[in-house]
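This report refers to the structure that appears directly beneath it.
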Amino acid sequence: MVGVIGNITVIVLYVVRINDKRGDRYFIPILALVDCLGSVSNGVFYVIDNFYIFSFPSEILCRVLLFSLTFTSGFSGHVLGAIAFQRYLLLCHPYGKQLTLFRRRLLVIGITFVCVIYGAPLYIAIQWTSDTGCEPSNIKTEQQEMGHRPRVLVVLVVCQLVVTQFLVETDTSAVASLVTAASLVPLITSLFDNEVDPDLSRAALATCALYASLQRPATASSCPATTCPNGWVRYQTSCYLVVTYELQTWSGAQAKCVAENSGLVEIETEAENNFLKDVAAKTFLNGQFWTGGNDIDVEGQWRWVTSGNPFTFTDWGPGEPNDTGGNEDCMLLLSNTGYTWNDLPCSTNSLYICEKPAT
């Protein structure tokens, strides 16, 4: 009952109170829904089983409940693994590749399929009679069943981690993960027999070393040897400082950036623009950030303040730039329109982003 009430509360709060447009909490209501189903299945099964120890009232009910118990517990475990992996990416690699909403949905579909396959044998294995009750009686012994289950669970969990990384990575690290997982499965499963094969251990360690080496850049050109100061974020050959702790006018923001041996950010490509929009959204959900764009000298001729170069790429919001009031001469990223570009008076106080070359 506590599980049912708790999970229903989570679902209601998520639907009514939580605004999750980016889908960062996509797994939470799904997990709550399945956990609620599991709580109901557990309660119904054990209440009926205690009242009808030797004569379970329905074969179909017996099969459905046992399948539900297996499916919901397995599904919850895999989804918790997916949540942990997602949190790892957000916390440890906040500006790297993430699980997009599409990939999360694909992962849920995969987990559902795996858990159905995992629970189906238990549904089929029931040989129900009015005398034996609700038991998977054509499985030889309970000990044999429990002996195989940990192996299956380990294989499924490792496979999920590999598939999850494939959804995120597109380079050799994903292949290395697959090889590593394949070598570690027999080592881990041997632990359930209270014995560890030394050859398996050596093979697993060797493969882990291979995995670690493949994670390193293959050549200097594939990963430039550039660094950024603490608090700055690197993208390609530039470092960016996303300032969220103070508001400045456009000129004040440029002065602050110059004091950091940098300048207000100059956005030259669509890829750089998408990176900065993602960084801005993750750093400060509802804000606006000054860039180096301006048409102070000649109205309508937008240039970058540090280099003096004209715009070669633009991402203006709908109807922008509109120079409302005749004095909107500075450009910023506006959260209300998905961090598209917008012109505002240079005297507006705003957050800002600095940029300088990586060293």
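Filtering the stretch 328-359 to residues that are of a type in the set (S, T, N, Q) and surrounded by 13 or more Cβ atoms within 10 Å (Cβ to Cβ) leaves Ser335, Thr337, Thr340, Asn342, Thr348, Asn349, Ser350. For the stretch 28-46, the count of residues that are at pLDDT below 75, in the same structural domain as Leu107 (by TED's automatic domain parsing) and part of a helix (DSSP H, G or I) is zero.
Checking the stated criteria, Tyr88 turns out to be under 20 Å from Thr100 (Cβ atoms), modelled with pLDDT under 80 and assigned to a helix (DSSP H, G or I). Within the stretch 319-359, the set of residues being over 22 Å from Glu246 (Cβ atoms) and polar (S, T, N, Q) comprises Asn322, Thr324, Asn327, Thr337, Thr340, Thr359.
Could you check the stretch 282-308 and list, in sequence order, the residues that are of a type in the set (Ser, Thr, Tyr) and closer than 10 Å to Leu332 by Cβ?
Thr291
The values are calculated or read from the model by the stated rules, or taken from the named source; none is laboratory data. Since the structure is predicted, the reported quantities are computational estimates derived from the model, not experimental observations. So basically every Cβ, Gly included, is an ideal-geometry build from the backbone, and we count neighbours across all protein chains shown.
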